[in-house]
Amino acid sequence: MVIVLVDVHVKPEDVPAFREATAENARNSVQEPGIARFDVVQRGDDPTRFLLYEVYRSEEAIAAHKATAHYAAWRDAVAPMMAQPRSMTKYVNVYPADADW
């Protein structure tokens, strides 16, 4: 498993549109066979901050996700909504080591 955390800071006026576009991307993403989990969370103390918690079955699944039409549509739609460039950090599953998400 490869866990990807995407940290996003959105312009305040774009929060509703970002939520809508990101929910649509997430709905499509969870249908991909290589994605085990795809959560979108919003900070309680700062509604302009989001975290995308994505769990992939392999590195190849990440590449496959980035090649989908729904990812490209999301990427292009939300780019002008960013207050700063989004950042991505990859993690590997430690416990449970044999988790089948």
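To the nearest 500 deg cm²/dmol, what mean residue ellipticity at 222 nm is calculated for the chain from DSSP H runs of n ≥ 4 alone, each contributing -39,500 (n - 2.57), summed and divided by the residues?
Per the formula, -10000 deg cm²/dmol.
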Pairs of Cα atoms under 8 Å, at least six residues apart: use those to get the relative contact order of the range 2-92, whole percent.
47
Using the basic label-point model (7 angstrom from Cα toward the beta carbon), what is the residue 90 to residue 27 distance in nanometres?
3.0
For the charge dipole of the chain, defined by +1 on Lys and Arg C-beta atoms and -1 on Asp and Glu C-beta atoms about the Cα centroid, which residue among 16, 94, 61 has the Cα displaced farthest towards the positive pole?
16
Computed over the Cα atoms, what is the radius of gyration of the chain divided by 2.2 N^0.38 Å, N being its residue count?
1.07
What is the spin-label model distance, in nm, from residue 19 to residue 5 if the labels are put 7 Å beyond Cα along the C-beta direction?
2.3
For the residue 46, residue 72 Cβ pair and Förster radius 22 Å, calculated FRET efficiency rounded to 0.05 is 0.20
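Since every read-out is calculated from the coordinates, none of them should be taken as a lab result. Only a predicted model underlies this, so the values are computations on that prediction, with no experimental measurement involved. Cβ sites come from the backbone with ideal geometry, for glycine too, and all protein chains shown count toward neighbours.
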